[in-house]
Amino acid sequence: MDCGVKNSAVNGAHLAELLDLIRTGDAGAVEELLRTFLPGARFLIQRRLGEFDVDGEARSVLATAIRGMESDASIGPEQLTGMIRQLIQQRFAPGARPREATSTGSSAPATQVATEILGHMSPVERDALRRCYVLGESPEAFVGGLKLTLEEFRAIRSRARAEFSQRNPKATYAA
């Protein structure tokens, strides 16, 4: 997930320009940055909270990121997405507000079901899923280090999704 920037190679120069304008107090640049990153921030927060009305939270995270950029000139476009993701992870920790299973006969929260499923996996499988879903790393970046192929990771992810869906059919999960 790239928090809204579709092609970082193309947008890197534009983001650098936006950051410079923001640091000089340009309100238009702030609005453009908000428009660019709001959909991705909203998605990440929705994925963590399971709620659909998270615009206020997403704007708050982006406002914090903008204040950080204004006060720290060392933050460049290449750190911006990571900074936003880290703020979301800190504010909306998984399990802080677990979604309850609904009308399935199960009263276990989705996080408890996920914990049980992960408990039956190997350490390598758990680490691969953690790096993908919690840390936001792309599978291509870590499968080699875990001695997995991309196809093996996809199979692990598919099995975890299928078991989670079977045990908690009303819950949502990230793609």
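The values are calculated or read from the model by the stated rules, or taken from the named source; none is laboratory data. Note that the structure is predicted; figures quoted are calculated from it, not measured. Reconstructed Cβ throughout: ideal geometry from the backbone, glycine too, with neighbour counts over all protein chains shown. Side chains are part of the model used for accessible areas, which takes the heavy atoms of the whole protein and leaves out ligands, DNA and RNA. Shrake-Rupley method; radii C 1.70, N 1.55, O 1.52, S 1.80 Å.
A few points about this structure:
- Scope the range 72-87; condition in contact (Cβ under 8 Å) with a residue 12 or more places away in the chain and in a helix (DSSP H, G or I); matching residues: Pro77, Glu78, Leu80, Thr81, Met83, Ile84, Arg85, Leu87
- Residue that is modelled with the lowest pLDDT, among those in the range 35-64 that are out of contact with any Phe, Trp or Tyr (no Cβ under 6 Å at 6 or more places or on another chain) and among the basic types (Lys, Arg): Arg47
- Filtered residue count, the range 24-40, keeping only those that are out of contact with any Lys or Arg (no Cβ under 8 Å at 6 or more places or on another chain) and closer than 19 Å to Gln90 by Cα: 3
- Restricting attention to the range 26-71, the residues that are outside any helix (DSSP H, G or I) and either closer than 13 Å to Arg85 by Cβ or β-branched (Val, Ile, Thr) (or both) add up to 1.
- Any pair with Cβ under 8 angstrom, 6 or more apart, that starts in the range 138-151 at a residue that is closer than 17 Å to Gly82 by Cβ and part of a loop (DSSP other than H, G, I, E, B) and ends at one that is open to solvent by less than 30 Å² (accessible area, probe 1.4 Å) and modelled with pLDDT under 90: Ser138/Cys132
- Complete set of residues in the range 117-135 that are over 18 Å from Arg85 (Cβ atoms), of a type outside the set (S, T, N, Q) and surrounded by fewer than 17 Cβ atoms within 10 Å (Cβ to Cβ): Leu118, Gly119, His120, Met121, Pro123, Val124, Arg126, Asp127
- Condition met for Ser138 (open to solvent by less than 60 Å² (accessible area, probe 1.4 Å), within 30 Å of Ser60 (Cα to Cα), of a type in the set (Ser, Thr, Tyr) and at pLDDT 85 or above): yes
Results for (1) over 15 Å from Phe153 (Cα atoms); (2) modelled with pLDDT under 75; (3) in a helix (DSSP H, G or I), shown as yes or no for each residue.
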{"site": "Arg97", "(1), (2), (3)": "yes, yes, no"}
{"site": "Ser103", "(1), (2), (3)": "yes, yes, no"}
{"site": "Ser107", "(1), (2), (3)": "yes, yes, no"}
{"site": "Val113", "(1), (2), (3)": "yes, no, yes"}
{"site": "Glu116", "(1), (2), (3)": "yes, no, yes"}
{"site": "Met121", "(1), (2), (3)": "no, no, no"}
{"site": "Glu125", "(1), (2), (3)": "no, no, yes"}
{"site": "Leu129", "(1), (2), (3)": "no, no, yes"}
{"site": "Cys132", "(1), (2), (3)": "no, no, yes"}
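- Test for Gly68: is it on the phi > 0 side of the Ramachandran plot and either open to solvent by less than 40 Å² (accessible area, probe 1.4 Å) or at pLDDT 85 or above (or both): no
- Among residues of the range 22-31, those that are open to solvent by 60 Å² or more (accessible area, probe 1.4 Å) and within 17 Å of Glu78 (Cα to Cα), counted: 1
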